[in-house]
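Quick notes on the structure that follows.
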Amino acid sequence: MNSKKIITILLLVFVVGSVGAMIYKELQPSQTDSSAITADSSPENVPADQNQIIAYYFHGNQRCPTCINIEAYTKESLQNYFKNQLDSGRVVWKPVNVDESANRHYITDFELEMKLVVLADIKDGKQTQWKKLDQVWSLSGDKPAFLEYVKLETEEYLKESV
């Protein structure tokens, strides 16, 4: 055999092996998805008699400094202004990595086009409505304005969800 044929065969084996490994990796998590979902990752597991607002921060594996700030500022705003609601479970803070296969459904559930904060209303154990906080990116460079924005949006959302 000449060297050109050997190289072609080796490249073909490499490509087939790579595709096989990707398929295997995608199928692996889906075999355990149902057991991997916890109360923290699925609003369906909220007790039926408890109404909640879940403040999600959706992110991916790759996180820029702005993404990290958005998460930190959102958490800080919730802790500063909604401590009692967080302690009682009325408001729940939930960062979610949508790059994990068990969490990819959130992309379609909330029509996500970018990583951001979403407030979701859970009533009688079911999600009834949600709202994207689209301004988190434009306010990420102004911490006081960001904190106030999350505060006001969350207050308004709590009033609407009573």
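The values are calculated or read from the model by the stated rules, or taken from the named source; none is laboratory data. The structure displayed is predicted, hence computed values, not measured ones. Don't worry about glycine lacking a Cβ; one is built from the backbone with ideal geometry, like all the others, and counts go over all protein chains shown.
With the structure loaded, tell me whether Glu113 is out of contact with any helix residue (DSSP H, G or I) (no Cβ under 7 Å at 6 or more places or on another chain) and at pLDDT 90 or above or whether it fails that test.
It is false that Glu113 is out of contact with any helix residue (DSSP H, G or I) (no Cβ under 7 Å at 6 or more places or on another chain) and at pLDDT 90 or above.
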Some residue of region 100-117 being part of a strand (DSSP E or B) and touching a residue at least 12 places away in the same chain (Cβ under 8 Å) = yes
Report, by residue number, each residue of region 120-150 that is over 19 Å from Thr66 (Cα atoms), basic (Lys, Arg) and touching a residue at least 40 places away in the same chain (Cβ under 8 Å).
-> Lys123, Lys126
If you go through region 110-138 one residue at a time, how many are within 14 Å of Ile54 (Cβ to Cβ), surrounded by 14 or more Cβ atoms within 10 Å (Cβ to Cβ) and either not assigned by TED's automatic domain parsing to the domain that holds Lys94 or not hydrophobic (A, V, I, L, M, F, W, C) (or both)?
-> 6
